[in-house]
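Trainee: Below you'll find the structure I mean.
The values are calculated or read from the model by the stated rules, or taken from the named source; none is laboratory data. Quick caveat: nothing in here was measured; it's all calculated off a predicted structure. Virtual Cβ from ideal backbone geometry, glycine too; neighbours counted across all protein chains shown.
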Ligand SMILES: NS(=O)(=O)c1nccs1
Ligand SMILES: [Zn+2]
């Protein structure tokens, strides 16, 4: 490991990708509450997820990901800063080796042990997720912070499936799950224009970061940390610290939906 930040080695995936050359709207960022601007025109976010669109969970070598059937407008979000509806494609998490770090975004330099990303694409301007990745504002990712606290019953169904996807490129069927159960009840969010935080790091994301974290317990976080970056038969490398370092805000303003 050649790059040390926060006292640990960066996963090779990000070592070479620390900053996309010429990037002006990279993610994640540190959200400075006092610099965010309340925008009264921001609407409440509307979320309608159909639990039967859930397909499977798989380990893609840097997180575990739950994939959805996005062939129709069944699991969609709209409102908020959005001009039209967006379809849910997948959700995944980023987390640390210990509870002291793990999230990608920060709030006033406060870091959380983990962060959930719900990834959506714009079916009005693109014909597929893969195409939307390359479109300006082709994607919307909702970020939800996880903090150490009470057991999260909704998350536990997901956690119970993780041993089946311990190794990279393993997959397990996972049907009927409603990710709305992972949303905090507080409607408040920040929003800003950014990028994917894993390759291809394209600057196509409208980020919506929920202000209030959800609570998960120690055992649930430790189950995340039992996953592996490595495939079966390879020398085991625990899947931890799979987050990208902070990127410069540059010429961007973070808007808030709340005063
Ligand atoms: N971590 S992220 O949600 O920005 C993402 N990267 C690639 C596909 S979705
Ligand atoms: Zn992510």
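Here is a yes/no grid of residues against (1) within 13 Å of ligand 2 (Cβ to nearest atom); (2) touching a strand residue (DSSP E or B) at 6+ places or on another chain (Cβ under 6 Å); (3) in a loop (DSSP other than H, G, I, E, B):
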{"site": "100", "(1), (2), (3)": "no, no, yes"}
{"site": "112", "(1), (2), (3)": "no, yes, yes"}
{"site": "154", "(1), (2), (3)": "no, no, no"}
{"site": "168", "(1), (2), (3)": "no, yes, yes"}
{"site": "190", "(1), (2), (3)": "no, yes, no"}
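Trainee: Cβ contacts < 8 Å: first residue farther than 17 Å from residue 181 by Cα and within 13 Å of ligand 1 (Cβ to nearest atom), restricted to the range 109-120; second residue in a strand (DSSP E or B) and modelled with pLDDT under 95, any location; separation 6+ or different chain. Result?
Mentor: none
Trainee: Return the residues of the range 91-100 that are crowded, with 20+ Cβ neighbours inside 10 Å and out of contact with any helix residue (DSSP H, G or I) (no Cβ under 6 Å at 6 or more places or on another chain); say none if nothing qualifies.
Mentor: Quick first cut of the range 91-100, residues crowded, with 20+ Cβ neighbours inside 10 Å only: 91-96.
Answer for the range 91-100, where residues must be crowded, with 20+ Cβ neighbours inside 10 Å and out of contact with any helix residue (DSSP H, G or I) (no Cβ under 6 Å at 6 or more places or on another chain): 92, 93, 94, 96.
Trainee: Filter the range 175-186 for residues that are within 13 Å of residue 143 (Cα to Cα) and more than 15 Å from ligand 2 (Cβ to nearest atom); which is surrounded by the most Cβ atoms within 10 Å (Cβ to Cβ)? Steps first, answer last, please.
Mentor: The first filter runs over the range 175-186 and keeps only residues within 13 Å of residue 143 (Cα to Cα), leaving 179-180, 182-184.
Checking the rest, the ones that are also more than 15 Å from ligand 2 (Cβ to nearest atom) come to 180, 183-184.
Numbers: 180: 13, 183: 20, 184: 15.
Within the range 175-186, the match that is surrounded by the most Cβ atoms within 10 Å (Cβ to Cβ) is 183.
Trainee: Could you say which residue among 197, 206 is surrounded by 18 or more Cβ atoms within 10 Å (Cβ to Cβ), part of a strand (DSSP E or B), within 16 Å of ligand 1 (Cβ to nearest atom) and in contact (Cβ under 8 Å) with a residue 24 or more places away in the chain? Steps first, answer last, please.
Mentor: Details: 197 fails: part of a strand (DSSP E or B).
That would be 206, the only listed residue that is surrounded by 18 or more Cβ atoms within 10 Å (Cβ to Cβ), part of a strand (DSSP E or B), within 16 Å of ligand 1 (Cβ to nearest atom) and in contact (Cβ under 8 Å) with a residue 24 or more places away in the chain.
Trainee: Taking the range 54-79 on its own, how many of its residues are surrounded by 15 or more Cβ atoms within 10 Å (Cβ to Cβ) and either at positive phi or more than 19 Å from the chain's Cα centre (by Cα) (or both)? Steps first, please.
Mentor: Taking the range 54-79 as the starting set, the residues that turn out to be surrounded by 15 or more Cβ atoms within 10 Å (Cβ to Cβ) are 54-70, 74-78.
Now drop any that are not either at positive phi or more than 19 Å from the chain's Cα centre (by Cα) (or both), which leaves 61, 74.
Of the residues in that region, 2 qualify.
Trainee: If you don't mind, another one. Would you call residue 81 more than 16 Å from ligand 1 (Cβ to nearest atom) and either modelled with pLDDT of 95 or more or not in a loop (DSSP other than H, G, I, E, B) (or both)?
Mentor: Values: more than 16 Å from ligand 1 (Cβ to nearest atom): yes; either modelled with pLDDT of 95 or more or not in a loop (DSSP other than H, G, I, E, B) (or both): yes.
In short, yes.
Trainee: Let me ask something additional. Just to be sure before I move on: is residue 192 within 16 Å of ligand 1 (Cβ to nearest atom) and closer than 22 Å to residue 238 by Cα in the structure I sent? Break it down into steps so the answer makes sense when it comes.
Mentor: Values: within 16 Å of ligand 1 (Cβ to nearest atom): yes; closer than 22 Å to residue 238 by Cα: no.
Judged against the criteria, residue 192 is not a match.
Matching residues to (1) more than 16 Å from residue 201 (Cα to Cα); (2) at pLDDT 95 or above; (3) not in a loop (DSSP other than H, G, I, E, B):
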position: 1; (1), (2), (3): yes, no, no
position: 14; (1), (2), (3): no, no, yes
position: 23; (1), (2), (3): no, no, no
position: 42; (1), (2), (3): yes, yes, no
position: 56; (1), (2), (3): yes, yes, yes
position: 87; (1), (2), (3): yes, yes, yes
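Trainee: Looking for whichever is within 15 Å of ligand 2 (Cβ to nearest atom) and modelled with pLDDT of 95 or more here; the options are 107, 76, 140, 159. Which one fits?
Mentor: None of the others qualify; the one that does is 140.
Trainee: Name the residues in the range 222-237 that are closer than 26 Å to residue 109 by Cβ, in contact (Cβ under 8 Å) with a residue 40 or more places away in the chain and not in a loop (DSSP other than H, G, I, E, B), would you?
Mentor: Of the range 222-237, the ones closer than 26 Å to residue 109 by Cβ are 222, 224-225.
Checking which are in contact (Cβ under 8 Å) with a residue 40 or more places away in the chain leaves us with 224-225.
Passing the criteria: only 224.
Trainee: If I go through the range 122-178 residue by residue, how many of them are within 18 Å of residue 72 (Cα to Cα) and without any contact (Cβ under 8 Å) to a residue 24 or more places away in the chain?
Mentor: 6
Trainee: Does residue 211 satisfy the condition of being more than 16 Å from ligand 1 (Cβ to nearest atom), surrounded by 15 or more Cβ atoms within 10 Å (Cβ to Cβ) and over 19 Å from the mean Cα position of the chain (by Cα)? First the steps, then the outcome.
Mentor: Numbers: more than 16 Å from ligand 1 (Cβ to nearest atom): yes; surrounded by 15 or more Cβ atoms within 10 Å (Cβ to Cβ): yes; over 19 Å from the mean Cα position of the chain (by Cα): no.
No; evaluated as a whole, the condition is false for this residue.
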